[in-house]
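A quick write-up on the structure given underneath.
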Amino acid sequence: MQLAAAVASLASGSGGFDSVAEVWKAVGIDTLRVNAGEDGASGVEADKYLTKDICAGMRQGGGKVADPVVVEVELFDNVTAECESKQDGSHKVGTRPKWDY
């Protein structure tokens with residue numbers, strides 16, 4: 001949806017009304033992702049940036065795995081720490097490289 005809105009904006013030559021951005025602002029999320037899980041089931045992730053470098057989000061999957069709450073902290077440029085906490089009480093913490101294109 002976001003890509004389609006950007007293409008439409010460029011094609012029309014106007015900055016006009018961005019319906020996707022307005023919906024996201026009303027709902028209070030900054031990013032929305034649709035992912036394919038490890039078990040092949042699709043899932044949705046919604047995130048909100050609390051500060052420039054800290055992002056909190058929730059993942060909702062279609063599989064049998066408990067849906068986690070995720071907090072990402074940008075430690076350095078292109079290095080992110082991620083903490084994941086699931087409803088079953090399990091936790092994961094790790095770091096990963098991350099590039100935004």
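The values are calculated or read from the model by the stated rules, or taken from the named source; none is laboratory data. The structure displayed is predicted, hence computed values, not measured ones. All Cβ positions, even for glycine, are placed from backbone atoms using ideal geometry, and neighbour counts span all protein chains on display.
Data for the structure
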read-out	value
Count of the stretch 25-58 residues which are outside any strand (DSSP E or B), closer than 23 Å to Phe76 by Cα and not acidic (Asp, Glu)	3
Where a residue in the stretch 73-99 is under 18 Å from Thr51 (Cα atoms) and aromatic (Phe, Trp, Tyr) and its partner, wherever it lies, is part of a loop (DSSP other than H, G, I, E, B) and modelled with pLDDT of 90 or more, with Cβ under 6 Å and at least six apart	none
The listed residue being of a type outside the set (S, T, N, Q), in contact with a Cys (Cβ under 9 Å, 6 or more places away or on another chain) and either surrounded by 13 or more Cβ atoms within 10 Å (Cβ to Cβ) or modelled with pLDDT of 80 or more (or both), out of Asp47, Asp53	Asp47
